[in-house]
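The values are calculated or read from the model by the stated rules, or taken from the named source; none is laboratory data. Being a predicted model, the structure only gives us computed values, none of them experimental. Here the Cβ is made from the backbone with ideal geometry for all residues, glycine too, and neighbour counts use every protein chain on show.
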């Protein structure tokens with residue numbers, strides 16, 4: 001468990017996330033209007049005005065495992081995959097997948113993106129078009145394996161320059177730099193500053209045992225992380241020593257010793273990543289749920305991805321409905337949003353199966369179901385004062 005140097009993001013940057021953005025095309029300022037807005041299930045019988053009054057954060061579902069989190073001026077994108085229906089991806093030796101759906105927004109129609117969170121280096125999470133198009137200085141937090149793929153294994157011209165590796169249980173802070181806030185009337189009380197903590201969570205594409213050891217040797221399926229995101233606040237005094245000046249297009253290293261004792265976590269998001277429900281995942285509630293650190297939102301990667309393909313389903317490498325519900329019971333999030341469930345033909349466990357299993361388990365009160373283009377809005381409480 002290592003705390004890595006924090007990075008600082010300029011959330012006021014207005015640059016396109018792609019380096020090949022058409023010069024004749026303006027960079028859009030925001031995401032397209034959501035097809036539907038969902039909130040906490042307990043608010044489902046309230047009017048729309050009451051539902052959204054206190055909500056200050058949102059999660060937009062693009063498709064597959066691609067989501068866009070917006071909070072306090074930060075726009076974070078997970079696992080960018082923008083292929084269209086009929087496109088193919090290479091998923092391993094002799095293994096391909098065909099996309100069935102279109103993303104809710106196209107890659108070159110994205111607004112500015114401040115940070116990419118990449119669970120692993122796999123073509124259905126970081127496709128070839130995305131890899132070719134993204135700006136090389138775009139901040140990316142990912143696994144050590146993906147870090148190597150994006151940096152040392154590339155030519156100087158194609159190398160990504162702002163990639164940060166987190167192994168499981170490693171963590172780092174992301175500080176947000178933007179326009180100076182308006183002056184407070186009470187200058188004796190420090191203004192809380194938004195800050196994001198990212199921690200790598202365990203995850204395994206291949207289950208424990210001989211298959212796992214064989215995959216470690218052959219490298220057929222890449223190593224993967226889950227993530228714990230903690231959205232919270234620091235006082236200025238606790239962040240001054242751990243942030244540095246930034247440029248509008250990059251994140252920069254900061255003081256590695258910043259353990260941020262004044263950081264207050266206000267909202268926790270657990271992203272499972274592409275994993276099976278392996279024994280290591282039991283450590284997550286030990287570190288969080290049972291340690292007085294409840295998980296507010298869980299993004300669970302489902303689909304029951306089976307390789308080499310639907311015509312020869314030999315090995316499942318992501319959770320199906322039954323494993324997914326078992327993990328919900330283990331982690332005990334307040335709300336669960338399933339993603340990564342029907343976009344490719346190798347996904348053999350449809351969303352309907354998960355919905356049935358959640359109902360049978362008496363967990364409907366926790367579930368929020370998003371179609372591509374829908375958003376989930378939620379509240380991240382600011383410290384008093």
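Considering every residue within the stretch 354-371, establish whether at least one is crowded, with 18+ Cβ neighbours inside 10 Å, under 27 Å from residue 44 (Cα atoms) and out of contact with any helix residue (DSSP H, G or I) (no Cβ under 8 Å at 6 or more places or on another chain). Yes: the stretch 354-371 contains one or more residues that are crowded, with 18+ Cβ neighbours inside 10 Å, under 27 Å from residue 44 (Cα atoms) and out of contact with any helix residue (DSSP H, G or I) (no Cβ under 8 Å at 6 or more places or on another chain). Filtering 295, 300 for residues that are at pLDDT 75 or above, closer than 20 Å to residue 123 by Cα and surrounded by 15 or more Cβ atoms within 10 Å (Cβ to Cβ) leaves a single hit, 300. Among the residues of the stretch 88-106, write down those that are at pLDDT 95 or above and assigned to a loop (DSSP other than H, G, I, E, B). Within the stretch 88-106, 100, 101, 102, 103, 104, 105, 106 meet the criteria.
Kindly check whether there is at least one residue in the stretch 55-78 that is free of Cβ contacts under 8 Å to residues at least 60 places away in the same chain and not in a strand (DSSP E or B). No, because not a single residue in the stretch 55-78 is free of Cβ contacts under 8 Å to residues at least 60 places away in the same chain and not in a strand (DSSP E or B).
Considering (1) without any contact (Cβ under 8 Å) to a residue 40 or more places away in the chain; (2) in a loop (DSSP other than H, G, I, E, B); (3) within 18 Å of residue 270 (Cα to Cα), the lone condition that residue 362 does not fulfil carries the number (3).
Conditions tested, residue by residue: (1) more than 29 Å from residue 75 (Cβ to Cβ); (2) at pLDDT 95 or above; (3) touching a strand residue (DSSP E or B) at 6+ places or on another chain (Cβ under 8 Å).
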| position | (1), (2), (3) |
| --- | --- |
| 320 | yes, yes, yes |
| 323 | yes, yes, no |
| 328 | no, yes, yes |
| 333 | no, yes, yes |
| 355 | yes, yes, yes |
| 364 | yes, yes, no |
| 373 | no, yes, yes |
| 376 | no, yes, yes |
| 385 | no, no, no |
